[in-house]
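Everything below concerns the one structure shown next.
The values are calculated or read from the model by the stated rules, or taken from the named source; none is laboratory data. A quick note: this is a predicted structure, and the numbers were derived from the prediction, not measured. Glycine gets a Cβ as well: all are built from the backbone with ideal geometry, and neighbour counts include every protein chain shown.
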């Protein structure tokens, strides 16, 4: 089974986690670019028409469902140092969520 995912960007800790910054400096809204990319990924997966390929939407793993705000820390765990790539700690924290999502998407 194949899978693809799109995750929203978070603030780069090097830019937002400073001695003078407020905690909300490390929170970004889901960008229009991300929403466009997620829609394009969904269309591409749909066009494949392959039941073995599932698109995982990771927005809820990184951002508030109602606020659509994406913090750089979740439960005290930094999600990304550069705003794009996951930290080791975030990868480990997301492991169970990804495992669950992949298990739920299996039809065999």
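Of all residues in region 72-108, those that are surrounded by fewer than 16 Cβ atoms within 10 Å (Cβ to Cβ), under 12 Å from the mean Cα position of the chain (by Cα) and modelled with pLDDT under 85 total 2. Only one of the numbered conditions (1) surrounded by 13 or more Cβ atoms within 10 Å (Cβ to Cβ); (2) in contact (Cβ under 8 Å) with a residue 24 or more places away in the chain; (3) touching a strand residue (DSSP E or B) at 6+ places or on another chain (Cβ under 7 Å) is not met by residue 52, and that is (1).
For region 59-108, the set of residues classified as in a helix (DSSP H, G or I) and under 23 Å from residue 22 (Cα atoms) consists of 61, 62, 89, 90, listed by residue number. Just to be sure, is residue 15 outside any loop (DSSP other than H, G, I, E, B), surrounded by fewer than 17 Cβ atoms within 10 Å (Cβ to Cβ), at pLDDT below 80 and more than 12 Å from the chain's Cα centre (by Cα)? In short, yes.
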